[in-house]
Amino acid sequence: MKRYLVSALCVLAAYLAILGPFTRDMAQKPYAERLGMIPHPTVLQLLFPDYQELLGANILGRVILYYGALADDVANPGKVQLSADYPAMSRAVHAALRLDPYNMDGYYFGQSILVWDVGQYKLATELLEYGMQYRTWDWQLPFFAAFNEAYFLKDRAAAARLYMRAGELSGATLFKSLAGRYLQEAGETQMAIDYLQTLDKDARTPAVKQALQVRIETFKAVLTIEQARDRYAEEQGRLPADIEILLSTGYLATRPVDLYGGEFYLDENGQVRTTSRFAFAAPRRSAVDDTPAPSPDK
């Protein structure tokens, strides 16, 4: 035990020595500026191969305290407010995760700050994908990345791939449903059908199987329209303006049915969409729904 404490103290002393040139200058600044310089993680890995988790946690702790001090300044109008050094924060988080790629705090912080405060969606997603190489069991990382791709970056194919991974790791039906939806929206309808059929084979709950089968059949209807649209475009040299043209010219024999109750249409880019957005409409509330629930003792 004594030997371990001595080693730990030696590591701490060496780490402080590396930061020595910056310590005096940083001590004269307000706390919110004291993030300081972080040695390159490769240097720290070479010098302290047995203490990477400790050093990574230390760096993340400094970043979180730094950001907390900035937030405190904003909450107190009387204080002098300083602009956040987001590039330095980003470098520090990346350095910490290079040292310890299993530390979930780094990914939470990156997703919370890099995405929402800085707008660095691609950078945050790359950080999450880096973490997926190590936290291979964790469904949250692909879920966060899928949200970034779908909501901010508008890359439906990438979102579908990541939602598929989140669904496989978590078993959550919602993620699997989102994966199928984004595959279809990315123009990969046949892939979406194949993916959903694989899920249907493994499903054990009747309600889940029924929901998957409704989506599969509706996507098959979409695929029928897409194939008719492509034949029309190839032969006529232009995209059809709407589904009515496909029906009137015989490219579609009958109008495909959306089992969710919506109506299919072609958007401005010729993509097949539906007014239902592949979801059943919420039932209207009746007067009975507004009746207060009885108390447990009645």
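A few points about this structure:
- The range 103-156 - residue that is within 23 Å of N58 (Cβ to Cβ) and among the small types (G, A, S) and, of those, surrounded by the fewest Cβ atoms within 10 Å (Cβ to Cβ): S112
- Residue match in the range 237-254 (condition: within 30 Å of E126 (Cα to Cα) and surrounded by 21 or more Cβ atoms within 10 Å (Cβ to Cβ)): no
- Residue match in the range 211-228 (condition: in a loop (DSSP other than H, G, I, E, B), under 21 Å from A279 (Cα atoms) and either of a type in the set (A, V, I, L, M) or at pLDDT 95 or above (or both)): no
- The set of residues from the range 186-198 being assigned to a helix (DSSP H, G or I), surrounded by fewer than 20 Cβ atoms within 10 Å (Cβ to Cβ) and in contact (Cβ under 8 Å) with a residue 12 or more places away in the chain comprises Q190, Q197.
- Under the condition of being closer than 19 Å to P41 by Cβ and either without any contact (Cβ under 8 Å) to a residue 24 or more places away in the chain or part of a helix (DSSP H, G or I) (or both), the residues counted in the range 96-131 number 19.
The values are calculated or read from the model by the stated rules, or taken from the named source; none is laboratory data. Please read all numbers here as calculations on a predicted model, not as lab measurements. As a convention, Cβ positions derive from the backbone with ideal geometry for all residues, glycine included, and neighbour counts pool all protein chains shown.
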